[in-house]
Amino acid sequence: MPPVFPMLTVLSMFYYMCLRRRARTATRGEMNSRRAIESNTRALPINVEIVQYAKEVLDFSSHYGSENSMSYTMWNLAGIPNVYPSSGDFTQTAVFRTYGTWWDRCPSARLPFKRTPSTFCSQDYVELAFEEPVYPTAVHILETYHPGAVVRILACSANPYSQNPPAEVRWEILWSEAPTKVNGAQARQFTPCIKQINFPTNLIRLEVNSSLLDYYTELDAVVLHGVKERPVLSLKTSMIDMNDIDEDEDEEKFACGMDTLNKQFSIVTLREWPTNGYFDKLPYELIQLILSHLTVPDLCRLAQTCKLLYQHCCDPLQYIHLSLQPYWARINDTSLEYLQSRCTLIQWLNLSWTGNRGAISVSGFSRFLKVCGSELVRLELSCGHFLNETCLEVITEMCPNLQELNLSSCDKIPPQAFNHIAKVGSLKRLILYRTKVEQTALLSILNFCSELQHLSLGSCVMIEDYDLIASMMGAKCKKLRSLDLWRCKNITESGIAELASGCRLLEELDLGWCPTLQSSTGCFTNLARKLPNLQKLFLTANRSVCDTDIEELAANCTHLRQLDILGTRMVSPASLRKLLESCKDLSLLDVSFCSQIDNRVVLELNASFPNVFIKKSFTQ
């Protein structure tokens, strides 16, 4: 008779796995409703479901609207729906700044960071506060135009209305998915199947990716469903799907990988092996090349396998380019401290979205840059609300080789702090979108940073005289290639003339929603004649743009690739045809709300010029 002990061992192992599975489910409360165990599960006790709209918009990365109005701003997400169930382009909705891939195809486009995990595809975010903390049971997102941008929904353990901030802030992913193409631009209620979490929340974060959209996505409201008491799952099954174990293992692996940033970089002991297998026979450089394809959490895990790979995973050459943005929810002072010794040669660093709600302190950030800032060439700090004047001072002192600085939506930095940026004379790219930079500081920056090639001043509402700023650019910034003056409220034809005369290398110019520019002054004609290298020109919402301006662009700016003349009443189909015939590289033409360009004209132009994306927006 064959021995039964091996079979008993296998059964014991399977029984252990089943118990482990049940224990994990019962304690974490994170079982997805689509799993095999669902049919035999019921929630106890039964709670009354609370339904609430967002009370307040706490934070966001960008929006189409102005800082001083409600049209197309993220603040429209607070409260009950304004538009839904209607479809179309409405000013009462929340709209992000970009859509499609057009912003990746212009002169100001930045090179992507390598090692970005494939699971992270977020481009923008908005954070919403609700009145009552609940255990979420559903999240409804009311999308009214070009839906499909939301790729991730997260919940936070911190109560934004609590007087006592928690010692630890946790973020849990309720739902995530890769970007998908949604057919049609019609309104919809998006209700993904969310994961259960083990803490109540009244802070929800939406992350979006608009790269597959044909136009700006518009969001009207967010509805949070939840219960006050934590649902308890009672199990009545003896069957456990082995795939469930694998899925939970993947979730734990991700969490563990991120925790290693804080805990497991410093390894006390590693198992001794007589050899390292074939790795001992590989050249050092080849192993480095292989490891260069791993993400940061994967490097952390691999570093725990043996001393040889630990040495490779901690080599500063692995951290020449480092993006921590995908891990924003888990990065803190401890993470930066453990990374210090590995980032002594770092040249590109992305800390965008990190450090908020006390995760990164001014002292922690300063200590890191004092050790790792000497070789930095590119520093991304978008939406870094921990930044203050001390941080900017440390950046200018510790990063003498800095060429690119992104402070987009860092709206907590005080105005006087921007004076420090003038000390970095090597700057080639500066992004100040939605910051509180003032005129005096900006004039100083322009005066001393004459190497600037890319400058973003979109939605900088504290600048009093843009004509003076444009005059300084024309005099000092001769190498300027791209300039963003989106929603600049007071630039006139005088400033445009100074800019066009001095910055002849300009390839990209955004003058969208600049109401003080009038075609009758000849400002747009002057631009077309003096800036023949223009590839992107946005004249969004300027109703005075006329046929003469379009014909001058056709005659002088033959390299034009993107043109936005949304809202003009003075452009005819004939002038657009001339432009399309002359500008062979044109790929984007936005004629939304152009009164002379109806759908029939768009269809005719599309038939004649199939390689050009001609956008005609509508409102129902």
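For this structure, a couple of remarks:
- Top-ranked residue in segment 116-142 [being surrounded by 18 or more Cβ atoms within 10 Å (Cβ to Cβ) and of a type in the set (D, E, K, R); ranked as nearest to ARG378 (Cα to Cα)]: ASP124
- Here the condition is being at pLDDT 70 or above, open to solvent by 60 Å² or more (accessible area, probe 1.4 Å) and in a loop (DSSP other than H, G, I, E, B); of GLN311, GLN304, it holds for GLN304 alone.
- For segment 565-574, filtering for residues that are surrounded by fewer than 19 Cβ atoms within 10 Å (Cβ to Cβ) and of a type outside the set (D, E, K, R) leaves 3.
- Among (1) in contact with a Cys (Cβ under 9 Å, 6 or more places away or on another chain); (2) without any contact (Cβ under 8 Å) to a residue 60 or more places away in the chain; (3) open to solvent by less than 30 Å² (accessible area, probe 1.4 Å) - the single one ASN490 does not satisfy: (3)
- Residue in segment 584-594 that is assigned to a helix (DSSP H, G or I) and either of a type in the set (Lys, Arg) or within 26 Å of TRP103 (Cβ to Cβ) (or both) present: no
- Segment 452-478: number of residues that are assigned to a loop (DSSP other than H, G, I, E, B) and without any contact (Cβ under 8 Å) to a residue 40 or more places away in the chain: 9
- So LEU531, is it under 25 Å from TYR99 (Cα atoms) and open to solvent by less than 30 Å² (accessible area, probe 1.4 Å): no
- Restricting attention to segment 329-373, the residues that are over 18 Å from ASP315 (Cβ atoms), part of a loop (DSSP other than H, G, I, E, B) and open to solvent by 50 Å² or more (accessible area, probe 1.4 Å) total 3.
- Looking at segment 152-237, the strands (runs of 3 or more DSSP E) lying wholly inside it that each contain 2 or more residues that are within 21 Å of the chain's Cα centre (by Cα) sit at 171-176, 201-208, 218-227.
- Residues of segment 66-96 satisfying the condition of being surrounded by fewer than 22 Cβ atoms within 10 Å (Cβ to Cβ) and either without any contact (Cβ under 8 Å) to a residue 60 or more places away in the chain or outside the structural domain of ASN209 (by the TED database) (or both): SER69, MET70, SER71, THR73, TRP75, ALA78, THR91
- For first residues located in segment 133-151 and not assigned by the TED database to the domain that holds PRO192, partners that are open to solvent by 20 Å² or more (accessible area, probe 1.4 Å) and outside any loop (DSSP other than H, G, I, E, B) and lie 6+ apart or on another chain with Cβ distances below 6 Å do not occur.
- Among the residues of segment 390-405, at least one is in contact with a His (Cβ under 8 Å, 6 or more places away or on another chain), outside the structural domain of GLU67 (by the TED database) and open to solvent by 60 Å² or more (accessible area, probe 1.4 Å).
- Filter result (crowded, with 21+ Cβ neighbours inside 10 Å and within 25 Å of the chain's Cα centre (by Cα)) within segment 454-470: HIS454, LEU455, SER456, LEU457, GLY458, SER459, CYS460
- Each residue in segment 595-620 was checked for being open to solvent by 20 Å² or more (accessible area, probe 1.4 Å), in a strand (DSSP E or B) and without any contact (Cβ under 8 Å) to a residue 40 or more places away in the chain, and 0 of them qualify.
- Single match in LEU499, LEU506 (criterion: assigned to a loop (DSSP other than H, G, I, E, B) and open to solvent by less than 20 Å² (accessible area, probe 1.4 Å)): LEU506
- Residues that are aliphatic (A, V, I, L, M) and part of a loop (DSSP other than H, G, I, E, B) were ranked within segment 46-105; the one that is nearest to GLN562 (Cα to Cα) is MET70.
- Residues satisfying the criterion are absent from segment 106-121 (criterion: in contact (Cβ under 8 Å) with a residue 40 or more places away in the chain, assigned to a strand (DSSP E or B), in the same structural domain as VAL182 (by the TED database) and in contact with a helix residue (DSSP H, G or I) (Cβ under 8 Å, 6 or more places away or on another chain)).
- The test for being over 30 Å from PRO400 (Cβ atoms), open to solvent by 10 Å² or more (accessible area, probe 1.4 Å) and touching a residue at least 24 places away in the same chain (Cβ under 8 Å) does not hold for THR540.
The values are calculated or read from the model by the stated rules, or taken from the named source; none is laboratory data. Because the structure is a prediction, the values reported are computed rather than measured. Heads up, the Cβs are rebuilt from the backbone with ideal geometry, glycines too, and the neighbour counts pull from every protein chain shown. Ligands, DNA and RNA are excluded from the accessible area calculation, which covers all protein heavy atoms including side chains. Shrake-Rupley method; radii C 1.70, N 1.55, O 1.52, S 1.80 Å.
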